[in-house]
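To keep things clear, I will list the structure first and then write my remarks on it.
The values are calculated or read from the model by the stated rules, or taken from the named source; none is laboratory data. In this text the structure is predicted, and so the values were computed from the model without any measurement. Reconstructed Cβ throughout: ideal geometry from the backbone, glycine too, with neighbour counts over all protein chains shown. SASA here: full protein model, heavy atoms, side chains in, ligands and nucleic acids out. Shrake-Rupley method; radii C 1.70, N 1.55, O 1.52, S 1.80 Å.
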Amino acid sequence: MLCHADKEDIDEIKEWSTIIKQSSRCGLGKTSTNGLLTALLKFPVEFQKCLLAESDFNHAFDIEKAVENYDSIIHEIENTYE
Amino acid sequence: MNNLVNITIDSKKYQVQEGKNLVDAAKENGIYIPTLCHFHEVNPPLGTCRICTVSVNGKTTTSCTTKVYEGMEVEINTPELLNTRKAIIEMLYAEGNHFCPSCEKSGHCDMQNLGYDMGITVSRFPHVYSNKVVDFNSDRMIMESNRCILCKRCVEEVKTKDGKDVFSFINRGIKTRVHIDYEEEAKLTDAEALRAMNLCPVGAILVKGMIYEQPFGERKYDIVGKDKQAPKRDTFKKRKDENKFIVATTSLAGCFGCHMSLLDIDTGILDILEIVELNKSPLTDIKKFSKRCDIGLIEGGCANSENIEVLKEFRKKCDILIAFGECAIMGGIPAMRNFVPLKECLEEAYIHGLTSEIGANVIPNHEDIPKLLNNVYPCNEIVKIDYFIPGCPPNANHIWKVVKNILLNEEYSITHEEFKYD
């Protein structure tokens with residue numbers, strides 16, 4: 001488990017689900033969030049397990065991953081011209 | 001067809017003609033329902049944009065596809081529905097690549113106007129930055145799919161004299177885009193081509209050479225919104241202190257234009273310095289935080305590892321973070337590189353570029369040089385940002401009004417003139 005979320009994210013899931021339900025054109029969209037919402041309703045403990053304390057930082061953002069392309073480009077160039 | 005029926009809108013009773021479109025029926029009675037895909041000529045209505053979502057007898061539906069009938073109970077302006085409609089516009093902004101400051105139709109754009117109207121400062125959804133096709137092949141028109149919201153207005157409405165379609169949807173799912181039939185397009189008269197451009201609720205259909213006809217500030221919605229006031233914020237952070245408030249500012253991946261704008265307040269800066277002390281900021285040239293700050297002002301998005309570090313440092317050292325300017329809010333102009341692979345960007349700049357030396361084969365890199373990120377990120381995707389001031393750049397008075405309001409806990413209002421992007 002990555003465990004990047006905090007409590008606010010759960011509230012966001014619920015809020016966004018309502019928006020999808022209200023604004024979908026067809027039944028498929030209107031029910032598309034039911035799976036996740038039911039899981040949240042029936043297994044709150046499982047979700048609580050992997051929540052972080054509320055924080056001002058987005059933990060899902062991984063700086064190592066975000067500079068991956070740059071690193072590989074530089075690596076490639078160094079290997080070619082050395 | 002002249003039967004009158006009784007309907008209830010937001011618990012007020014109205015009499016309207018039976019079978020009339022709900023959007024039109026509401027409009028007749030002075031009630032505004034925002035729409036993008038709907039306009040009076042299309043029949044049957046399209047119902048593609050979903051912005052006219054209202055509640056009819058307890059169920060949400062689009063009002064443009066609803067016909068009025070006896071005993072109908074409609075809710076339009078409940079907080080929940082207002083929020084849903086705002087979210088739909090935010091989704092459109094997050095999905096397309098809407099760089100308003102560089103758009104030809106800015107000030108003429110229905111979607112931008114709705115954004116102002118609903119008081120959108122930032123999208124609550126992460127930006128997609130998908131690479132979309134810009135089609136210059138037609139002799140007269142440009143199809144800018146970056147801005148297209150797939151409302152289908154042009155597909156339904158623009159036809160040649162022989163009744164053939166000029167625009168059509170191609171591909172499926174997220175790859176759907178509007179394509180111009182070049183042959184049929186050539187048959188349109190100039191007036192019809194202009195009509196197609198004006199029909200588009202955003203800036204996706206452009207006629208070459210007609211794009212900057214009207215100067216900024218004199219366009220349709222600039223004039224309509226002249227005395228419009230931006231919605232007031234209802235949350236305040238209370239702070240009272242004997243000492244001066246401490247403010248820090250920084251520019252990440254931006255052009256420093258927003259900092260220039262900060263200085264545009266002229267002698268007003270003297271009043272501000274009565275209550276505010278600047279700490280780390282390019283204005284004071286203090287490089288490191290020497291104390292905890294009340295407010296941090298951030299210009300620009302995050303393009304390299306140093307930007308991320310500075311931003312996180314600001315979050316740690318400041319109580320309230322304010323992102324000001326387009327780049328900090330949605331990446332802005334630097335984020336236009338998100339559509340091109342990083343490798344191509346670097347090669348173009350340092351190896352194949354016109355100004356690079358012949359035989360150059362080095363992309364600058366050193367442990368002291370910050371690393372470029374794969375994408376340019378808006379600040380709120382990295383840390384939590386408390387307030388957003390949109391604009392390119394935001395008006396100086398606007399910025400200081402927001403800062404003063406937050407510090408002194410005062411109410412404030414902004415006129416459309418100050419709030420405008422362009």
(request) With an 8 Å cut-off on Cα pairs and a minimum separation of 6 or more residues, tell me the relative contact order of chain B in percent. (result) 13 percent
(request) Would you please name the trypsin sites (Lys or Arg not before Pro) within segment B:330-422 that are DSSP coil residues with at most 16 other C-beta atoms within 10 Å of their C-beta? (result) B:Lys384
(message) Rounded to the nearest 20 debye, what is the charge dipole size of chain A about its Cα centre when +1 sits on each Lys and Arg Cβ and -1 on each Asp and Glu Cβ?
(response) 1040 debye
(message) Charges at C-beta only: +1 for Lys and Arg, -1 for Asp and Glu. How large is the resulting dipole of segment B:1-96 about its Cα centre, in Debye rounded to 20?
(response) 40 debye
(request) Provide the buried accessible surface between chains B and A in square angstrom, both chains summed, 1.4 Å probe, rounded to the nearest 100. (result) 3000 Å²
(message) Shape verdict for segment B:110-221, please, from the Cα gyration tensor: rounded (a/c under 1.5), prolate (a/b greater than b/c) or oblate.
(response) oblate
(request) Let me know the mean shielding of A:60-71 by other chains, meaning the per-residue number of their Cβ atoms within 10 Å of its Cβ. (result) 6
(message) I want to check the label-to-label distance for B:Lys291 and B:Lys316. Put each point 7 Å from Cα in the C-beta direction and report it in nm to one decimal.
(response) 2.0 nm
(request) Work out the length of the dipole vector of the protein assembly as shown about its Cα centre, built from +1 on the beta-carbon of each Lys and Arg and -1 on the beta-carbon of each Asp and Glu, and round it to the nearest 20 debye. (result) 1640 debye
(request) Calculate one ³J(HN,Hα) per residue across segment A:7-21 by plugging θ = phi - 60° into the Karplus curve 6.51 cos²θ - 1.76 cosθ + 1.60, and present them in order as whole Hz with x for glycine and proline. (result) 4, 4, 5, 5, 4, 5, 4, 5, 5, 5, 4, 4, 4, 4, 4
(request) Tabulate in residue order the Karplus-calculated ³J(HN,Hα) for segment B:152-164, using 6.51 cos²θ - 1.76 cosθ + 1.60 with θ = phi - 60°, rounded to whole Hz; enter x for Gly and Pro. (result) 6, 4, 5, 4, 7, 9, 8, 9, 7, 4, 7, x, 8
(request) Return one number: the angle in degrees, 0 to 90 and rounded to the nearest 10, between the long axis of the Cα atoms of helix B:79-95 and the longest principal axis of the Cα atoms of chain B. (result) 70 degrees
(request) Quick one: compute the contact order of chain A, relative version, from alpha carbon pairs under 8 angstrom and 6+ residues apart, as a percent. (result) 42 percent
(request) Calculate the spin-label point distance for B:Met260 paired with A:Glu76, positioning each point 7 Å from the Cα along the beta-carbon direction, and give it in nanometres. (result) 3.6 nm
(message) Of B:Cys255, B:Pro215, B:Asn198, which is farthest towards the positive pole of the protein assembly as shown's charge dipole, taken about the Cα centre with +1 and -1 on the beta-carbons of Lys, Arg and Asp, Glu respectively?
(response) B:Asn198
(request) Could you tell me which chymotrypsin sites (Phe, Trp or Tyr not before Pro) in segment B:113-160 are loop residues by DSSP with no more than 12 other beta carbons within 10 angstrom of their beta carbon? (result) B:Phe136
(message) Just to confirm a number: summing +1 for Lys and Arg and -1 for Asp and Glu over residues other than B:Leu346 whose beta-carbon lies under 15 angstrom from that of B:Leu346, what do you get?
(response) -4
(request) Quote the FRET efficiency, to the nearest 0.05, computed for B:Asn137 versus A:Ser32 with a Förster distance R0 of 35 Å and r equal to the Cβ-Cβ distance. (result) 0.40
(request) Over 27 Å, how big is the tail of the calculated P(r) for segment B:277-422, in percent of all Cα pairs? (result) 33 percent
(message) Greater than 23 Å separation of Cα atoms is the criterion. Which listed pairs, A:Lys14/B:Lys132; B:Lys105/B:Lys132; A:Lys7/B:Lys384, meet it?
(response) A:Lys14/B:Lys132
(request) Please find the FRET efficiency linking B:Asp162 to A:Glu46, where r is the Cβ-Cβ separation and R0 is fixed at 45 Å, and quote it to the nearest 0.05. (result) 0.15
